[in-house]
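Coordinate-derived values only; no laboratory data. If you're wondering where the values come from, they're calculated on a predicted model, not measured in any experiment. Cβ atoms come from the backbone with ideal geometry, glycine included; neighbour counts cover every protein chain shown.
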Amino acid sequence: MDVSTTQLQPSKPNQDGSTSSKKKKKISDGSEQISASITNAAIFLGEKIRTVDLELSRSIASEKVIQESAQKLYPALCEIEGLTEDECYCALSKITDHPTQMLIFFSLHSFV
């Protein structure tokens, strides 16, 4: 077979090249969308983590104040004139059941 007389078929550069570039563009656009979605999710999670951190810090601080107040409650009750030891224990058990009441007790106690 004589190959010297065979002519090469010209390739269609516009069709092959444009299809390839369209595929690359679609892949690139998809990658950008995925990247943007991941970035947005990371930003959203970061904001939520900061919010939870602040709430947790406040909760821990509040719990610490309540614990410190609970430790001071019995001695403070014993200082009140006219209360018997049994009444101090009764008040202690009722007030410590409701932490808000303990905080109110100490805020009032300082003014009396």
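Taking the radius of gyration and the Kirkwood hydrodynamic radius from Cα positions alone, what is the Rg/Rh ratio for segment 29-109, to two decimal places?
When Rh is taken as the Kirkwood radius, the ratio is 1.46.
Lys and Arg at +1, Asp and Glu at -1: add these up for the other residues within a Cβ distance under 14 Å of Thr96 and post the number. List each step's numbers first, then the result.
Working: positive: Lys72, Lys94; negative: Glu63, Glu68, Asp97.
Summing Lys/Arg as +1 and Asp/Glu as -1 gives -1.
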